[in-house]
């Protein structure tokens, strides 16, 4: 049935034991399509369903940024504040970094993830404390804060730690009390270094030749990642960003708005979402990929239309998948919101 149908066909393997996908489409606060295929656990032949918890990877950043915005809305912090106000032992090179710079990836902080790989360092089981020590040992920014956008997982780990410092709660408890419980997200968890058991979770896989091998999540940081969730719960999260059940409308509008760089250029990243304009409409989106997990969320706020895709299968053709879904989401309203979605 077009791009979405092709995407699903690429995952469906009748009478084969394969990893899979969970997919949902939301319009005007209602789920207009939801489906899943494949296995969450190949070894035990456990099938994926709408409550299967996938590792979200960088989709977790939408929760982190939302946590910062909630504290801002309550007057607990101000986005223009410098981060050294809260982390006084940070080196002098961090002097000009503001909270908003961390949110927008304009801080200039080096990305610990890239640095670990470039230096062939073991990233397995790395924690927030390790990332903080990474910041302490560095001596310079990649560029002056606010000058440009450069994706930095380091900044979002620091935001997680900031939420803990200001709220007096663990990052996990803060999200649970302010988002997960109020919204009824019963199968969403923060995976910390305590390694809690995640019920009904998917395991990540990659394919080598004709066999699948477990290629699971292995980093213990929070803020930049660290969250497991399912299609049913992410439907509730997307709806909350449309119906003002958690945030005021002004806050939601800000979360999807582009701040400006030092030279006045709009930044392509907002509050946990990339942003673009398509046919005079704003499109916000994020991908998340780590280990055997590849995920996408796309929203068109004006139309209250969203797409969520979660998979437990890593492969190099991820960009092709992303483009197919992205193109579908940015078609005209009449094409996207037609009855054909009922027949996928």
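Across segment 262-279, which residue is farthest from residue 67 (Cα to Cα) among those that are surrounded by 17 or more Cβ atoms within 10 Å (Cβ to Cβ) and out of contact with any strand residue (DSSP E or B) (no Cβ under 6 Å at 6 or more places or on another chain)?
267
Pairs please, first residue from segment 299-312 and surrounded by fewer than 21 Cβ atoms within 10 Å (Cβ to Cβ), second anywhere and part of a strand (DSSP E or B) and modelled with pLDDT of 90 or more, Cβ atoms under 8 Å, 6+ apart in sequence or on different chains.
301/284; 303/27; 304/26; 304/27
Please determine whether any residue of segment 216-227 is in contact with a helix residue (DSSP H, G or I) (Cβ under 9 Å, 6 or more places away or on another chain), surrounded by 23 or more Cβ atoms within 10 Å (Cβ to Cβ), touching a residue at least 40 places away in the same chain (Cβ under 8 Å) and not in a loop (DSSP other than H, G, I, E, B).
Checking segment 216-227: at least one residue is in contact with a helix residue (DSSP H, G or I) (Cβ under 9 Å, 6 or more places away or on another chain), surrounded by 23 or more Cβ atoms within 10 Å (Cβ to Cβ), touching a residue at least 40 places away in the same chain (Cβ under 8 Å) and not in a loop (DSSP other than H, G, I, E, B).
Within segment 37-59, can one find any residue that is out of contact with any strand residue (DSSP E or B) (no Cβ under 8 Å at 6 or more places or on another chain), over 22 Å from residue 312 (Cα atoms) and at pLDDT 95 or above?
No, that holds for no residue.
Filtering segment 230-240 down to residues that are out of contact with any strand residue (DSSP E or B) (no Cβ under 7 Å at 6 or more places or on another chain) and closer than 16 Å to residue 65 by Cβ, which residue is surrounded by the fewest Cβ atoms within 10 Å (Cβ to Cβ)?
Restricting to residues being out of contact with any strand residue (DSSP E or B) (no Cβ under 7 Å at 6 or more places or on another chain) and closer than 16 Å to residue 65 by Cβ, the top hit is 240.
Quick one: which residue in 27, 85 is free of Cβ contacts under 8 Å to residues at least 12 places away in the same chain and surrounded by fewer than 20 Cβ atoms within 10 Å (Cβ to Cβ)?
One residue alone meets the criteria, 85.
Do the conditions hold for residue 325, that is, is it crowded, with 18+ Cβ neighbours inside 10 Å, at pLDDT below 90 and within 27 Å of residue 54 (Cα to Cα)?
Details: crowded, with 18+ Cβ neighbours inside 10 Å: yes; at pLDDT below 90: yes; within 27 Å of residue 54 (Cα to Cα): yes.
Answer is yes for this residue.
The values are calculated or read from the model by the stated rules, or taken from the named source; none is laboratory data. None of the values given here were measured: they were computed from a predicted structure. Using ideal geometry, Cβ is built from the backbone for each residue, glycine included, and neighbour counts are taken over all protein chains shown.
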